[in-house]
Each structure stands twice: as C-alpha cells, then as structure tokens.
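The structure under discussion appears below in the form of structure tokens.
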There are 2 protein chains.
Amino acid sequence: MRQAGRSLPEYHRARGELSLLEAVARPELVAELTLQPVRRYGVDAAVLFSDIVVPLAAIGFGVDIVAGTGPVIERPFAGRADLGRLRPPDSEELAHLSAAVGLLVAELDVPLIGFAGAPFTLASYLIEGGPSRHHPRTKALMLGDEALWLDLTERLAEIAIASLHAQVAAGASAVQLFDSWAGCLSPAHYRRYAALASRRVLAAVAEWGVPAIHFGVGTGALLEDMAVGADVVGIDWRVPLGEARARLGAEVAVQGNLDPAACLAPWEAVSAEARAVLAANAGRPGHIFNLGHGVLPQTDPAVLQRLVDLTHRHGRTADR
Amino acid sequence: MRQAGRSLPEYHRARGELSLLEAVARPELVAELTLQPVRRYGVDAAVLFSDIVVPLAAIGFGVDIVAGTGPVIERPFAGRADLGRLRPPDSEELAHLSAAVGLLVAELDVPLIGFAGAPFTLASYLIEGGPSRHHPRTKALMLGDEALWLDLTERLAEIAIASLHAQVAAGASAVQLFDSWAGCLSPAHYRRYAALASRRVLAAVAEWGVPAIHFGVGTGALLEDMAVGADVVGIDWRVPLGEARARLGAEVAVQGNLDPAACLAPWEAVSAEARAVLAANAGRPGHIFNLGHGVLPQTDPAVLQRLVDLTHRHGRTADR
C-alpha cells in the first residue's frame with residue numbers, strides 16, 4: 001500500500017510545510033513517515049518514504065518536486081551534451097538515504113522495501129521536464145537517436161543501481177524498480193528501448209541476493225518482458241490476476257491487483273473487490289496482495305485498515 | 001487521423017477565438033474545420049469536428065469545454081436526483097449537428113464518420129466534473145450503487161443514440177463510439193458496468209445499416225468485449241496489431257495502431273514505425289491505418305502528409 005501516508009492525518013502533521021525534497025533530507029523524519037502506515041495498519045512490509053527523482057536531485061541535476069504537479073526539471077535533458085550532467089550519486093550524496101534506511105531497519109520488525117526509478121521513466125521526466133501524458137519528446141529522442149537514448153538509459157541504470165545499492169547495504173530487504181511510465185510503450189518498443197537498461201539494474205540487484213519487484217501500471221502487454229530478471233512483477237487491476245499468473249508461470253510472483261479507486265466505494269463493495277483478487281489467486285504461493293497503484297489521497301484510512309485485516313484473516317485461513 | 005486540425009495553421013485561423021462549443025454551434029464553420037485536414041492531406045474519410053460532450057451541452061446539463069483542460073461540468077452528477085437532468089436531445093437541439101453533417105455530405109467525396117461518447121466515458125465526465133486520471137468518484141458510484149449506475153448509463157446510451165441517429169440521418173456513412181476512459185477498467189468491470197450500455201448503442205447503429213467503430217485507448221485487455229456488436233475495434237500502439245487481429249478474428253476490422261507520439265520523431269523513424277504497422281497487418285483486408293489516438297497538437301503537418309502518402313502508396317502496391 002504505497003503512498004498510504006498521503007491519506008493519513010499523522011503524515012500531514014509530521015511533514016508539515018516541508019517540501020518532499022526537504023523531507024527526504026531528514027533521516028529521522030523519513031523513518032517516521034515510513035513507519036506511520038506500518039504502525040497504523042500492521043502491514044507486512046514497509047515501503048521507504050522517498051521519490052524516484054531523489055537520486056537525480058542528489059547529483060544536482062536541478063529537480064524540484066512541486067505539490068500537485070510532481071517532479072519538475074529545471075533544465076531538461078536535450079541532447080548529448082547533457083549526458084555529462086548525469087553520474088551515479090556518491091556515498092556522501094546518498095548519506096541521508098543510507099541513514100534513513102539504517103534507522104528503519106533497526107526499528108522495524110517487518111521487511112523494508114527500498115526502491116528506484118527505472119531508466120525509461122526517469123528518462124521521460126528528464127526529457128519532458130516533468131510528468132507527461134504522451135511522452136512526445138521522450139519518444140522522439142528514443143526513436144530518432146537510438147545511440148544517445150541507449151547512453152542516457154545506461155547512465156540512468158547506473159544511478160538506479162547506486163541508489164538501490166545504498167539502500168540494500170544499509171539493510172533494505174527487497175527493492176522495487178518503478179517503471180511508472182513503461183505502460184505507454186508498445187511491447188516492441190519496450191523490448192528495444194527500455195528492457196536493456198532495466199535488466200541491468202535487476203541483474204545488479206540479483207547479485208546482492210535480495211528480491212526485486214518490477215513495478216508498472218498499464219503494463220498488461222509487457223508482463224513477460226518485465227518478468228525477465230525480476231522475482232516479482234507488479235500488475236495493476238487491468239490484468240486479471242489469474243491470467244497474469246498463467247502467463248508468468250509459478251516461478252514469478254505477482255504483486256497486486258486491487259484498483260485503488262475501488263477503495264473509495266462503500267466497504268461492502270471494497271471487500272467484494274478484495275475477495276475477488278484473493279479468489280483469483282486461489283491460494284497459490286507467490287502473491288503479494290496490494291493495490292495496483294498508490295493509495296489515492298482521498299482514501300479513508302478506516303477502509304485501508306479493514307482491507308489489511310481482511311487480507312490477514314484470509315491469509316490465516318489459507319495457511320490452515 | 002482524428003484531431004488533425006489542432007496542428008494546422010488554417011484550423012487556428014478559421015476557429016479564431018471561438019470556444020469549442022461556440023464553434024460547433026456554427027454548421028458552416030464545423031464543415032470548414034472538418035474539411036481542412038481532408039483537403040490538405042487527402043485522407044480517405046472525414047471525422048466530424050465536434051466533441052463527445054456536445055449532446056450534454058445541448059440538453060443544458062451545464063458543460064463548458066475549457067482550453068487546455070477539457071470538459072468541465074458545472075454541477076456534476078451526484079445522485080439519483082440528477083437523473084432527471086439527463087434526456088436525449090430533441091431534433092431542435094440537434095439541428096446544428098444535422099446541418100453541419102448535411103453540408104459536409106454535400107461537399108465531401110469521401111465518407112464522413114460521425115461519433116458519440118460511450119456511456120462509461122460520459123458518466124466519468126459527469127461524475128468527476130471533468131477529465132480524471134483515476135476516476136475515483138465514478139468507480140465509487142459504479143461499485144457502490146449498481147442500480148443507479150445502470151440507470152445513468154442507460155440514459156447516456158439514449159443520448160448517444162439520439163446524437164448518432166441525427167448524424168446518420170443527415171448522411172454520415174459510419175459512426176465511431178468513443179470510450180476514451182474504458183481503459184481504466186478491469187475486464188470484469190468493463191463487462192459488468194460498461195459493456196451493456198455501449199452494446200445498446202452499437203445495436204441501434206446496426207439497425208441503421210452503417211458500420212460502427214468502437215474506439216478505446218489502453219484497452220488491450222478489453223478488445224474481445226469491445227468487439228461485440230462493433231464492425232471495427234480501435235487499437236492503440238500498446239497492442240501489437242497482429243495479436244489484435246488474431247484475437248478478434250477476420251470478421252472484425254481493426255483501426256490503428258501508430259503511436260501519435262512517434263510522429264514527433266524524424267521522418268526516417270516515423271516511416272519505419274508506419275511500415276511496421278502495415279507489415280504487421282500483412283495485407284489482410286479489414287485494417288484502417290490510423291494513429292492509435294488523436295494527433296498531438298505539436299505534430300508537424302508535413303510529417304502527417306508524408307504518412308498519408310506512404311500509406312496510400314502501400315495500399316496501391318498491396319492492391320496490385
């Protein structure tokens with residue numbers, strides 16, 4: 001239940017007027033914000049409070065995270081000369097991140113999941129200068145200058161690896177590679193332009209011996225490609241869970257796939273939706289019950305609590 | 001090549017400062033704006049200049065179309081009492097629309113494609129009050145009050161039928177049913193909450209003996225369901241065309257599936273993408289070559305011209 005904080009009063013109290021980048025620079029605050037939903041809901045893992053553009057901000061690329069908009073890039077990536085502005089963050093630049101993970105690991109009695117942005121999604125932010133619906137400049141560069149595109153995504157893979165390595169070295173138990181925008185690609189384009197760099201990241205994670213979750217939205221047509229090198233593949237609600245499991249086979253776990261918008265419905269409807277997800281998995285191992293995307297800010301925390309409890313009751317019944 | 005106008009200088013000159021709703025109230029202007037891309041590019045059909053919320057505006061529901069935002073609803077649909085605000089437009093309220101179609105049919109030597117919004121998509125606009133990324137209120141109502149939801153979508157089906165009927169009666173050769181937001185639904189939810197009302201519209205169209213194109217974006221998991229009662233199914237670039245044809249069978253035509261964002265790339269890349277689409281169809285009948293979504297406003301008209309010419313050359317070669 002990623003981004004559960006946004007719907008919690010204690011989150012808004014603790015973060016106050018701090019911008020997201022200011023907040024992530026304070027390890028104690030990051031720890032508190034990460035712990036809040038775990039404390040409140042009793043979920044089975046914690047997701048680090050951060051943002052996929054944090055490593056880009058750390059190396060001074062010129063990133064701001066604007067409330068209500070998302071990441072905004074001061075001088076977007078426009079050509080080969082901008083490659084020089086991209087390098088993996090060093091340990092000093094990652095010190096806040098490592099410190100936050102360290103604090104959390106000492107306090108948590110559930111696993112901590114770290115994360116990083118996948119190269120395609122980071123490239124889109126850098127090239128478009130912010131969130132984009134159609135990713136036109138990104139696709140124009142990708143299709144028009146493949147050599148530059150591959151150099152760019154390789155650098156972004158190195159940045160993701162450095163960030164994930166710091167998190168794992170500090171004690172994170174698993175990592176999630178976020179390819180939030182990959183769903184805008186055709187399978188052929190995903191394979192040609194995105195998969196290579198993401199697989200580099202996943203291969204690095206595999207060497208550290210921690211499981212990797214590969215997350216996407218609207219990526220129903222890409223599941224098999226996203227499963228290569230990943231232990232878990234995220235599925236949103238657009239793909240029936242049973243179909244995803246059949247396509248991916250028993251060796252790959254899935255995470256999902258309740259529609260976050262469904263959580264705005266009356267509880268009776270929410271519970272029917274959750275039960276349908278659980279029924280679709282039919283008790284097979286390798287399913288992380290979760291929303292298919294982040295918690296919507298207007299979600300009622302009481303509904304999320306009932307959802308966690310329902311899932312735990314179901315799990316206990318299934319275990320017997 | 002829907003929405004091609006937005007990227008044409010003559011479009012902006014002709015429309016001037018008029019709002020979209022002001023423009024669609026002037027049949028001569030609608031005819032001119034519809035004809036412009038046909039004249040310039042020599043495409044094989046015309047798509048009526050209009051918007052899916054026009055029938056809602058016509059019955060006085062209180063709709064504005066705000067430049068850069070999209071449709072905005074003055075008093076969104078909030079409950080059963082609002083059903084009374086929804087009824088099919090009468091012939092007087094559709095007079096502008098019929099007049100525009102009449103003018104066009106007299107002038108065009110290619111078919112005119114009319115269109116209407118599908119009930120699910122219209123419902124989302126009405127309930128959210130405007131364009132929505134996650135459709136939370138829509139899904140909450142849909143899941144929480146199925147009886148009201150079915151009544152609402154039935155009314156919206158009647159509105160779509162009335163609008164399409166006026167267009168066909170005035171001479172439109174084919175119609176397109178736009179379910180722009182259907183891709184946010186799981187297949188199970190699509191079948192339960194959206195398919196019924198859309199099929200009512202498609203069944204009405206079938207009685208008039210004109211072909212119906214069923215359009216969606218991100219609807220790769222819904223193609224079979226959207227094909228029921230439709231002659232043509234729209235596919236965006238996320239679904240390989242060959243796969244769509246295999247799934248839908250030879251009886252259903254497809255429309256698509258070039259990525260509009262790809263048209264921003266250098267011509268060499270655009271043409272490679274277009275050729276890949278044509279190659280995937282492998283000369284089979286029943287493929288309407290098209291973009292998988294509307295033309296992006298920043299598209300270079302010269303690129304679209306080359307795209308039309310490439311497609312026509314390909315067609316002539318394939319015919320031989």
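Going through region A:90-129 one residue at a time, which ones are closer than 17 Å to A:Gly62 by Cα and in contact with a Pro (Cβ under 9 Å, 6 or more places away or on another chain)?
Scanning region A:90-129 gives A:Glu93, A:Leu94, A:Gly117, A:Leu122, A:Ser124, A:Tyr125, A:Leu126, A:Ile127, A:Glu128, A:Gly129.
Since B:Val168 meets every condition but one in (1) part of a helix (DSSP H, G or I); (2) out of contact with any Phe, Trp or Tyr (no Cβ under 7 Å at 6 or more places or on another chain); (3) surrounded by fewer than 24 Cβ atoms within 10 Å (Cβ to Cβ), which condition does it not meet?
Among (1) part of a helix (DSSP H, G or I); (2) out of contact with any Phe, Trp or Tyr (no Cβ under 7 Å at 6 or more places or on another chain); (3) surrounded by fewer than 24 Cβ atoms within 10 Å (Cβ to Cβ), the lone unmet condition for B:Val168 is (2).
Of the numbered conditions (1) part of a helix (DSSP H, G or I); (2) over 27 Å from B:His12 (Cβ atoms); (3) among the hydrophobic types (A, V, I, L, M, F, W, C); (4) in contact (Cβ under 8 Å) with a residue 40 or more places away in the chain, B:Val308 fails exactly one; give the number of that condition.
All conditions are met except number (2).
Would you pick out the residues in region B:83-110 that are more than 22 Å from B:Ala174 (Cα to Cα) and in contact (Cβ under 8 Å) with a residue 40 or more places away in the chain?
B:Leu83, B:Leu86, B:Arg87
Mind checking whether some residue in region B:138-151 is buried (at least 17 other Cβ atoms within 10 Å of the Cβ), more than 9 Å from chain A (Cβ to nearest Cβ) and either over 17 Å from A:Cys263 (Cα atoms) or touching a residue at least 12 places away in the same chain (Cβ under 8 Å) (or both)?
yes
When both residues are 6+ apart or on different chains and their Cβ atoms are under 9 Å apart, which pairs have a first residue that lies in region A:271-287 and is touching a residue at least 12 places away in the same chain (Cβ under 8 Å), and a second that is charged (D, E, K, R) and part of a loop (DSSP other than H, G, I, E, B)?
Qualifying pairs under 9 Å: A:Glu273/A:Asp259; A:Gly286/A:Glu251.
Hey, can you tell me all the residues within region B:200-245 that are among the aliphatic types (A, V, I, L, M) and within 14 Å of another protein chain (Cβ to nearest Cβ)?
The answer is B:Val217, B:Ala221, B:Leu222, B:Leu223, B:Met226, B:Ile235, B:Val239, B:Leu241, B:Ala244.
Step by step: first the residues of region A:261-279, then only those that are at the interface with chain B (Cβ under 9 Å from one of its Cβ atoms) and charged (D, E, K, R), then the one that is most open to solvent (accessible area, probe 1.4 Å). Which residue is that?
Only one residue fits best here, namely A:Glu268.
Can you tell me which residue among A:Arg284, A:Arg275, A:Arg313 is more than 27 Å from A:Gly183 (Cα to Cα), more than 22 Å from the chain's Cα centre (by Cα) and not β-branched (Val, Ile, Thr)?
When all the criteria are applied, what remains is A:Arg313.
Collect the residues in region A:280-302 that are open to solvent by 20 Å² or more (accessible area, probe 1.4 Å) and part of a loop (DSSP other than H, G, I, E, B), keeping them in residue-number order.
A:Ala282, A:Gly283, A:Arg284, A:Pro285, A:Gly286, A:His293, A:Pro297, A:Gln298, A:Asp300 - these are the residues of region A:280-302 that are open to solvent by 20 Å² or more (accessible area, probe 1.4 Å) and part of a loop (DSSP other than H, G, I, E, B).
The values are calculated or read from the model by the stated rules, or taken from the named source; none is laboratory data. As the structure is a prediction and not an experimental result, all values here were calculated from the model. Reconstructed Cβ throughout: ideal geometry from the backbone, glycine too, with neighbour counts over all protein chains shown. Note: areas computed on protein heavy atoms with side chains; ligands, DNA, RNA excluded. Shrake-Rupley method; radii C 1.70, N 1.55, O 1.52, S 1.80 Å.
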